[in-house]
Amino acid sequence: MSVSIDGFVGGPNGEIDWIFRSMDDTAAAWTVEALWQAGLHIMGSRTYQDMQAWWPYSNEIFAPPMNEIPKAVFTKTSSAARKEELTTMALKNASAVNKEKIKDPALLAKNIAGWTDTYVATGDLKEEIMRLKQQPGKDIVAHGGASFAQSLVRLGLIDEYKLLVHPIALGKGLPIFAALPAPMDLKLISSIPFKSGIIAHIYSSSTKVPNAEGV
C-alpha cells in the first residue's frame with residue numbers, strides 16, 4: 001500500500017494523484033513482483049468498483065497480475081456487479097494520468113473474465129479472513145480502501161505490511177492505523193529505496209492486536 005511520509009494512504013477525499021507523481025520504473029517493477037507473489041487479492045467494495053472499472057482496460061505493467069490473480073471482495077451486499085456510482089476519486093485520478101487503454105478485444109474479454117469470477121464475501125470480516133487464510137495457496141494481498149484496511153489492522157488480521165512510503169507530506173487525509181485499540185509493535189524485515197525517493201518498508205506483525213471487544 002502506498003502511504004505518505006505523514007501516514008496517509010489517500011487525501012481527504014481519497015485522492016491518490018500524489019502516488020503517480022513519484023512512482024518510478026524501479027518502484028513499479030518491485031510492486032509488480034510483489035503482486036505476482038499473491039494467490040488472492042482482497043479488497044473492500046468501493047476499491048473493487050474502482051479496480052474492475054480500470055484494470056481490464058489498462059495497459060500498465062500492474063494490469064496482468066491484477067487481472068489474472070483471483071479476487072475476493074468484502075461487501076455488505078450479495079453482488080459485486082459493476083456500479084459506476086460507487087467508484088471513487090481514485091478512479092478519476094488514475095484515469096486522468098494513465099490514458100492508454102487496451103484495444104485488443106480478445107485480451108479485453110479475457111481481462112474482464114478475470115473479474116467476473118470474484119468471490120463475494122458477505123460474512124463476518126474476521127471469520128471470512130481466517131477461513132481464507134486456512135486455504136492452501138500463496139499469500140493473500142489486501143489492497144484497501146482505507147476503511148477496509150483500517151478494519152484489518154484493528155482486528156490484527158495482517159501478518160505482513162508492505163508499505164511504499166512516498167516522498168510527500170499530505171498534511172491531512174485517510175490513515176489506516178487510526179483505529180488501533182492499542183500500540184502495535186512491528187519487526188522490520190527490509191527497506192528498499194528507489195531512485196524517485198520512494199522507500200519500500202516490509203514489516204511483520206509481531207503482536208496480536210486486540211479487537212474492539214478486547215479479544
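The values are calculated or read from the model by the stated rules, or taken from the named source; none is laboratory data. None of the values given here were measured: they were computed from a predicted structure. Cβ atoms come from the backbone with ideal geometry, glycine included; neighbour counts cover every protein chain shown.
Per-residue answers, yes or no, for (1) buried (at least 19 other Cβ atoms within 10 Å of the Cβ); (2) within 22 Å of A96 (Cα to Cα):
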residue	(1), (2)
S4	yes, yes
G10	yes, yes
F20	no, yes
D24	no, yes
E33	no, no
Q37	no, no
I42	yes, no
W55	yes, yes
S58	yes, yes
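Yes or no: K126 more than 18 Å from H201 (Cβ to Cβ), loosely packed, with under 14 Cβ neighbours inside 10 Å and at pLDDT 95 or above?
So K126 fails the test.
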So which of I42, I61, I102 is of a type outside the set (S, T, N, Q), out of contact with any Gly (no Cβ under 9 Å at 6 or more places or on another chain) and farther than 28 Å from I199 by Cβ?
I102
Please go through the range 133-177 and give me each residue that is of a type in the set (A, V, I, L, M, F, W, C), within 22 Å of D17 (Cβ to Cβ) and in a loop (DSSP other than H, G, I, E, B), ordered by number.
I168, A169, L170, I176
If I filter the range 81-112 down to residues being modelled with pLDDT under 80 and assigned to a helix (DSSP H, G or I), which single residue comes out as nearest to the chain's Cα centre (by Cα)?
L86
H143 passes all but one of the listed conditions (1) under 11 Å from the mean Cα position of the chain (by Cα); (2) farther than 18 Å from A72 by Cβ; the exception is number (2)
Which residues, counting only those in the range 16-39, are in contact with a strand residue (DSSP E or B) (Cβ under 9 Å, 6 or more places away or on another chain), of a type outside the set (A, V, I, L, M) and farther than 19 Å from P65 by Cα?
W18, R21, S22
Pair list, Cβ < 8 Å and 6+ apart or interchain, from the range 3-15 residues that are within 18 Å of H201 (Cα to Cα) to residues that are among the polar types (S, T, N, Q)
V9/S2
Out of curiosity, is S196 farther than 16 Å from G144 by Cα, touching a strand residue (DSSP E or B) at 6+ places or on another chain (Cβ under 7 Å) and hydroxyl-bearing (S, T, Y)?
no
Counting only residues in the range 115-126 that are assigned to a helix (DSSP H, G or I) and closer than 15 Å to D50 by Cα, the one nearest to the chain's Cα centre (by Cα) is identified as W115
Selection over the range 90-102 where residues are free of Cβ contacts under 8 Å to residues at least 40 places away in the same chain and surrounded by 12 or more Cβ atoms within 10 Å (Cβ to Cβ) yields a count of 1
Being out of contact with any strand residue (DSSP E or B) (no Cβ under 6 Å at 6 or more places or on another chain), modelled with pLDDT of 90 or more and more than 24 Å from Q37 (Cα to Cα) is true for just one of A178, A149. Which residue is that?
A178
What do you reckon, is P105 more than 19 Å from E160 (Cβ to Cβ) and surrounded by fewer than 17 Cβ atoms within 10 Å (Cβ to Cβ)?
yes
Out of the residues in the range 134-167 meeting the condition of being surrounded by 13 or more Cβ atoms within 10 Å (Cβ to Cβ) and of a type in the set (K, R), tell me which one is farthest from F8 (Cα to Cα).
R154
